[in-house]
Amino acid sequence: MLGVRYLEKAVFGLDYGQLKLVFHALEERKQVIENAPHLCHALPCMTPCFDWFEVVYYWMGLKMYDLVAGRRLLHFSRYYSAQESVELFPTLARKGKGRSLRGTVVYYDGQMNDSRLNVGLACTAALAGAAVLNHAEVVSFLKDEGTQRIIGARIRDNLSGQEFDAYAKVVVNAAGPFCDSVRKMANKDALPMICPSSGVHIVLPDYYSPDGMGLIVPKTKDGRVVFMLPWLGRTIAGTTDSSTSITPLPEPNENEIQFILDAICDYLNIKVRRTDVLSAWSGIRPLAVDPNAKNTESISRDHVVSEDYPGLVTITGGKWTTYRSMAEDAVNAAIKTGKLSPSNECITSNLRLIGGDGWEPSIFTVLAQQYVRMKKSDGGKVVPGVMDTAAAKHLSHAYGTLAERVATIAQNENLGKRLAHGYPYLEAEVAYCARNEYCESAVDFIARRSRLAFLDTDAASHALPRIIEILAREHNWDKSRQKEEMQKAKEFLETFKSSKNAHFHDGK
């Protein structure tokens, strides 16, 4: 989600820094939608107004947003009457806190499939000649004995346990919330750059929001932003913004989940129940520290690049929308400190990500027409099944022009069954990701190659035995490794608080 909140601060607080941030994010948003059209799209977001002052305030604010966006605009914002709004968003409440809905103001923002974009970036980098490694950990830095400049790192392969040295002219630390611990390896007295903030999201059934329309409330009772958006066939709602400690597996607490449910309850005409939560999780935002900031909301989401130890460039802060320009800034800093001589300028602003080149929204029809899904029945018999629209659309959006490769595996290797009831993920994807996308564990698949764990914790849990079976065949795992994978995946899913694995009181 792009910062309407930052625009508000910029325009009404006359904050030029915030305005620059909004300009920059709008530019990058347009770019990422063009570079990965299969994974990113425009999404209309509705802001409900319960008095005429709100209508005028938000309408003017969003017209200002249209003006600021200029050629980077996705679509013009507009006002809908209360009647039109309820037709577009059937679960929207007409009455709230004794007030009547006066209408809604709708603006367009960008939405992306973040796990697929992340994998797409790694695979695109590998195609361009980068050596890509996952499940690897920096254990210590290698330093020049004379100058003490960092000249590489000792790395542990967490799959095999082996360690090796990698030499480099410059090391870039882009470890997100963990970047301070990496900096402390170089200098144990390094002052913290990170102010970690917890962001909790919950996933609800698709009937909470219509397909193709989000709901955003810029100011709840305590001043936080709350949104409810259609996401990968379900509804995602969030978010909280509270300080937290840094941990590899953050967990949402019940109060935060209840806060989100209570906040959206005020704007819906249906009962918002804790039992409807399919998945709830917490992530850590690595906000760059401003020593004068009073709370996490006043910290700018802009990124910071610094070299506070010779040979180590750290980049932190920022957000997904601006990932590309953050990388460009980090590489420019590395070129400067390492006195490197690149043969060309940065080319990523117009570089299509893998699967995006030549992709058309209609590609799913080709998949539906030309492929079948061969499935092994429980008795071991192979039965053909149609490549239905839901599966074809999912493959087209997740893999872009490479979707046909996944469809071929589903057809030729009898891996056409769905992994979880009600979700379009196919067995063939597990094999494809193991062969082509560095998928080395069950958690890799349910959380980082697909978003199944984040969409429905229970469905992910039911799919695990089959996912592990396919990965075991691809990677030649023995029985003990399969058992270990199941154990690790179950522990990972325990940190998600769906209604099935949480101790809770039913919501309103």
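The values are calculated or read from the model by the stated rules, or taken from the named source; none is laboratory data. Bear in mind that the values here come from a model prediction, so they are computed numbers and not experimental data. Positions of Cβ are generated from backbone atoms using ideal geometry, with glycine treated the same way; all protein chains shown enter the neighbour counts. Calculation scope for accessible area: heavy atoms of the full protein, side chains included, ligands and nucleic acids excluded. Shrake-Rupley method; radii C 1.70, N 1.55, O 1.52, S 1.80 Å.
The Rg/Rh ratio for the range 362-495, using Cα coordinates for both the radius of gyration and the Kirkwood hydrodynamic radius, is 0.96. Solvent-accessible surface of protein heavy atoms, probed at 1.4 angstrom with all chains present, puts Tyr107, Tyr57, Tyr371 in the order Tyr57, Tyr371, Tyr107, largest first.
Over 18 Å between Cα atoms, which of Lys375/Lys479; Lys143/Lys184; Lys169/Lys339 qualify? All intermediate terms of the calculation are to be shown ahead of the outcome.
Values: Lys375/Lys479 25 Å; Lys143/Lys184 14 Å; Lys169/Lys339 9 Å.
Pairs exceeding 18 Å: Lys375/Lys479.
Charge dipole of the chain (Cα centre as origin; +1 on each Lys and Arg Cβ, -1 on each Asp and Glu Cβ, all else neutral): 640 debye, rounded to the nearest 20. How large is log10 of I(q)/I(0) for the range 1-112 at q = 0.12, 0.18 Å⁻¹ when the intensity is taken from the Debye formula with one equal scatterer per alpha-carbon? The Debye formula, applied to the Cα set alone, gives -0.46, -0.93. Of all lysines in the structure, those lying under 16 Å Cα to Cα from Lys63, and not within fewer than 8 positions of it along the same chain, are Lys9.
Listed by chain and number, the lysines placed with their C-alpha closer than 16 angstrom to that of Lys95 are Lys271; residues fewer than eight positions away on the same chain are left out.
With the simple spin-label model, which puts each label point 7 Å out from Cα in the Cβ direction, the Leu351 to Met60 separation comes to 4.5 nm.
Order the peptides 336-348, 264-276 from the highest to the lowest mean number of other Cβ atoms within 10 Å of their residues.
The peptides rank, most packed first, as 264-276, 336-348.
For a straight C-alpha distance cut-off of 14 angstrom, the aspartates and glutamates reachable from Lys488 (same-chain residues fewer than eight places away being disregarded) are Glu440, Asp444. Positive-end ranking of Ala489, Ala392, Ile468 along the dipole of the range 362-495, with charges on Cβ about the Cα centre, is headed by Ala392. Please compare each pair in Lys417/Lys490; Lys319/Lys483; Lys188/Lys319 to a cut-off of 29 Å on the Cα-Cα distance and tell me which ones are over it. Among Lys417/Lys490; Lys319/Lys483; Lys188/Lys319, the Cα-Cα distance tops 29 Å for Lys319/Lys483. Per residue, the chain exposes an accessible area of 47 Å² to a 1.4 Å probe, with every protein chain left in place. Pull out a ≥ b ≥ c, the square roots of the eigenvalues of the alpha-carbon gyration tensor of the range 231-375, then state rounded if a/c is under 1.5, prolate if not and a/b is larger than b/c, and oblate in the remaining case. Oblate. Measuring nothing but protein heavy atoms, the accessible surface of the chain at 1.4 Å probe radius is 55 percent carbon and sulfur. A simple count of charges around Thr389, restricted to other residues whose Cβ falls under 14 Å of its Cβ and scoring Lys, Arg +1 and Asp, Glu -1, yields +1.
Peptide packing: for 152-161, 27-36, the average count of neighbouring Cβ atoms within 10 Å per residue gives the ranking 27-36, 152-161, highest mean first. Projected onto its three principal axes, the C-alpha set of the range 76-171 covers 72, 30, 29 Å, listed from the longest axis down. Rounded to the nearest 20, the size of the Cβ-charge dipole of the range 1-112 about its Cα centre is 220 debye, with Lys and Arg at +1 and Asp and Glu at -1.
Pairwise Cα separations in the chain fall into 10 Å bins from 0 onward with the following percentages, short to long: 4, 16, 27, 28, 18, 6, 1, 0.
Ordered from largest to smallest accessible area (heavy atoms of protein chains, 1.4 Å probe), the residues Lys169, Lys375 come out as Lys169, Lys375. FRET efficiency for the pair Leu67 and Met486, taken as 1/(1 + (r/R0)^6) with r the Cβ-Cβ distance and R0 = 56 Å, rounds to 0.55.
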